[in-house]
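The values are calculated or read from the model by the stated rules, or taken from the named source; none is laboratory data. Note that the coordinates shown come from a computational prediction; the quantities given were computed from them, not determined experimentally. All Cβ positions, glycine included, derive from the backbone under ideal geometry; neighbour counts span all protein chains shown.
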Amino acid sequence: MKIIVTGASGFIGREIVPILKKANVELLLVGRDTVRLKSLFPGDRATSYENLKMEARGYDALVHLAVMNNDKSKQISDFRAVNVTLLETVLNSARAAGVKTFINTATMHASQTGSVSSYAQTKWEAEDVLSQTDGITVVNLRLPAVYGSTFAGKLAFLSKFPGSLRPILFQFLASLKPTVNVKLVAAAILNSARGEISTETIVSD
């Protein structure tokens with residue numbers, strides 16, 4: 001199987017790429033800084049967004065991880081540039097290259113209302129773009145807080161506690177809010193690329 005990963009230098013990407021490689025997936029990593037990608041993942045192919053349409057030919061699926069997260073202090077125009085415009089550019093490049101499946105990592109908090117965060121609003125706008133797409137299968141993997149060998153995002157504060165306390169605190173938090181291990185996310189990506197999963201799927205522990 002051949003899968004393209006955007007945003008591989010982010011937390012989820014750094015956790016998922018090694019799992020996909022162990023599953024014998026041939027990867028193409030896409031980002032703005034290809035030098036950094038090659039340093040993070042020696043031996044894997046890396047390319048820029050500008051060259052994606054040419055490099056993506058022959059790949060089965062693209063998983064879009066590139067995102068501006070809710071913890072960024074930016075204007076909504078900045079969120080829209082990454083979460084909507086960049087997604088649409090990647091989508092068009094993948095479709096033009098003949099990629100069969102576009103896998104979008106969606107949020108559980110996407111909303112079309114103006115009363116939510118810029119992150120949630122622009123993620124909803126991105127899903128609206130995807131809903132009007134043809135010529136490529138679109139899969140929305142709806143994720144809660146993601147954790148792996150380390151914690152990031154809303155769970156990042158757990159890293160400040162001693163190692164012996166982290167599992168206890170995490171179990172308490174996980175009993176109150178949904179979470180998902182990166183291994184389950186990677187499995188959902190593989191199933192999506194094989195066409196073995198619903199096009200709208202919640203992935204959670």
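Things to note:
- Residue list for segment 49-63, restricted to those being in contact with a helix residue (DSSP H, G or I) (Cβ under 6 Å, 6 or more places away or on another chain) and of a type outside the set (Asp, Glu): Leu52, Lys53, Ala56, Arg57, Ala61, Leu62, Val63
- For segment 147-156, the condition holds for at least one residue, the condition being that it is modelled with pLDDT under 85, on the phi > 0 side of the Ramachandran plot and part of a helix (DSSP H, G or I).
- All conditions but one from (1) modelled with pLDDT under 90; (2) in contact with a Phe, Trp or Tyr (Cβ under 8 Å, 6 or more places away or on another chain); (3) closer than 22 Å to Gly10 by Cα apply to Leu169; the one that does not is (3).
- Within segment 43-92, being modelled with pLDDT under 95, closer than 19 Å to Val17 by Cβ and surrounded by fewer than 14 Cβ atoms within 10 Å (Cβ to Cβ) holds for one residue alone: Gly43.
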